[in-house]
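Bear in mind these aren't lab numbers, they're just calculated from the coordinates by the rules spelled out. Not measured: the values here are computed from a predicted model. Methodologically, a virtual Cβ is constructed for each residue, glycine included, from the backbone with ideal geometry; neighbour enumeration extends over all protein chains shown.
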Amino acid sequence: MDDLRTRDVVARWILQNGPTSATFLATQLGFTPAGIRRHLDALVGDGLLEARDPRSSASRGRGRPSKVFFMTDKGRETFEHSYDDLAVSALRFMAEKLGDSSLTAFAASRADEIEKTLRPIISKAHTPGERNRALADYLTAEGYAASVEPRAHGEEICQHHCPIAHVAAQFPQLCEAETEAFSRVLGTHVQRLATIGHGDGVCTTYIPSLTQPITSHTGGIR
């Protein structure tokens, strides 16, 4: 495999799975740490990846903490990032002429369409965990490269790619309405912890474990 193909594999792994260290990525792809660092450095040099210090290095003991590599906006654009400048212009025009309430209404309408699509999919799942995975599968099919990660007292849905990141960066109402749609179809309060549109490496939504039956006023699965 030549260098360009290898770097494509490396970049797409990070796009699909989220931020990672060189050591962990080397074990996943079967490269030597030195070899993987060479490709990561090249991708950083091209502006497709960004190397950051880890949030916490307390557990690593002595030595310099390993860098964590994130996909940049340029990287997402390079790997088929489908957003449209026309959409940004149209939404900005709408806000200027009709007020911010028009953006809220548009975001809510989009979220309603997502909910209508999701509800029959989620209804086939029988447990909270199955519902979370059904949601992640739907998001992946829509281009969001989603995964489900276990967390204390619940799970997180991680979206490692966002086809509308540049639009959402300017109009966070889209993310807020989408989160509310997730809450309705899952039948529980969910919390959006991070978004690519806000500059984070991945969109994360925390979903607490259900400890009581879902009541009818939520509109969720019962």
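What lysines does Lys116 reach when the alpha-carbon gap must be under 22 Å and sequence neighbours fewer than 8 apart in one chain are set aside?
Lys124
What order do you get for Ser109, Ser102 when you list them from fewest to most C-beta neighbours inside 10 Å? Intermediate results must be reported in sequence, preceding the final value.
Details: Ser109 10, Ser102 15.
The most exposed by this proxy come first: Ser109, Ser102.
To make sure I understand the rule: partners must be aspartates and glutamates, Cα under 18 Å from the Cα of Lys74, and not fewer than 8 residues away in the same chain. Which ones qualify?
Candidates past the 8-residue exclusion: Asp8, Asp41, Asp46, Glu50, Asp84, Asp85, Asp200.
Ignoring everything except DSSP H segments at least 4 long, calculate the 222 nm mean residue ellipticity for the chain; use -39,500 (n - 2.57) per segment, divide by total residues, nearest 500. Please report the intermediate quantities before stating the final value.
Numbers: 9 runs with 113 residues, N = 222.
When only DSSP H runs of four or more count, the value is -16000 deg cm²/dmol.
Putting +1 on Lys and Arg Cβ atoms and -1 on Asp and Glu Cβ atoms, find which of Leu174, Thr78, Ser21 reaches farthest to the positive end of the dipole of the chain.
Ser21
Out of [x] 55, 45, 33; [y] 80, 30, 24; [z] 50, 37, 37, which label holds the value of Cα extents along the principal axes in Å that was computed here?
[x]
Charges at C-beta only: +1 for Lys and Arg, -1 for Asp and Glu. How large is the resulting dipole of the chain about its Cα centre, in Debye rounded to 20? The partial results should precede the final answer.
Details: 25 positive and 27 negative charges, 161 e Å.
Once rounded to the nearest 20, the dipole reads 780 debye.
Relative to the first principal axis of the alpha-carbon coordinates of the chain, what is the inclination of helix 128-141, with its axis defined by its Cα atoms, in degrees from 0 to 90 and to the nearest 10?
70 degrees
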